[in-house]
1. Report every pair of residues separated by at least 6 positions or lying on different chains whose Cβ atoms are under 9 Å apart, first residue within the range 45-68 and without any contact (Cβ under 8 Å) to a residue 60 or more places away in the chain and in the same structural domain as N16 (by TED's automatic domain parsing), second basic (K, R) and assigned to a helix (DSSP H, G or I).
2. Out of the range 39-88, which residues are crowded, with 19+ Cβ neighbours inside 10 Å, β-branched (V, I, T) and assigned to a strand (DSSP E or B)?
3. List, please: which pairs have Cβ atoms under 7 Å, are six or more places apart or on different chains, and start with a residue in the range 7-30 that is in a helix (DSSP H, G or I) and end with one that is acidic (D, E)?
Amino acid sequence: MDTNQTAAYCRTAVANELAMRTQERQIREYAKKRGYGELTFYRDCGQNVATLDRPAMNALTADIKAGKIGAVITAYIARITRGYALFSEWIDLLTEYGVTFLTPADGEFAVNYEISYILRGDYYLPNLKLNDPPDAPPLGRYGMMHKAFLKEHKPALYSQLLLPERLYPLCRAADEAAAARLAAIGDPEIAREVIHAEVVCK
């Protein structure tokens with residue numbers, strides 16, 4: 001059985017062959033740079049992101065469980081799902097079968113790790129937290145506001161940033177951008193409006 005097969009997964013929410021070809025090109029270029037050979041494509045064209053129950057995804061899942069897949073490449077995480085719970089389910093599947101998950105936009109995910117869970121109501125949720133860099137200063141007001149905005153209004157992006165530990169640097173950058181705008185504008189009232197629109201909610 002070939003355990004070195006590399007799967008390439010593409011998905012669009014609506015039937016759009018141009019978008020599918022764009023994803024395929026991105027995956028091929030990335031795979032070539034990373035030294036991955038022949039790709040097996042799984043294409044879900046016009047499939048809902050709210051579920052993993054899709055024709056090509058089901059075929060890919062079956063091949064993973066059969067031990068045929070060594071790595072999965074997709075253009076970016078949202079092609080798999082935008083929901084944290086479904087993404088966690090997907091990562092658990094890859095972890096169980098020792099499959100590497102890669103995206104050109106987000107890099108490689110180490111899926112062979114142990115995850116602890118905490119009970120919240122009737123559900124066990126992965127106990128994920130941000131590991132700040134050693135001796136990292138605490139986030140300032142606008143960094144915390146930007147973090148809260150992402151968590152509440154852009155949960156898929158928040159998860160994408162949290163898992164590879166990219167959330168803290170982004171929020172630190174928000175603090176720095178806010179300080180720069182405050183210094184440039186001078187007027188605190190006007191600066192707060194600009195910062196809210198251009199930094200916190202962006």
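The values are calculated or read from the model by the stated rules, or taken from the named source; none is laboratory data. Small disclaimer: the values here were computed from a predicted structure and weren't measured. A quick note on method: Cβ atoms are made from the backbone with ideal geometry, for glycine too, and the neighbour counts reach across all protein chains shown.
1. As it stands, the answer is V49/R79, since those pairs meet every condition given.
2. I69, V72, I73, T74
3. Close Cβ pairs (under 7 Å, with a partner that is acidic (D, E)) do not exist here.
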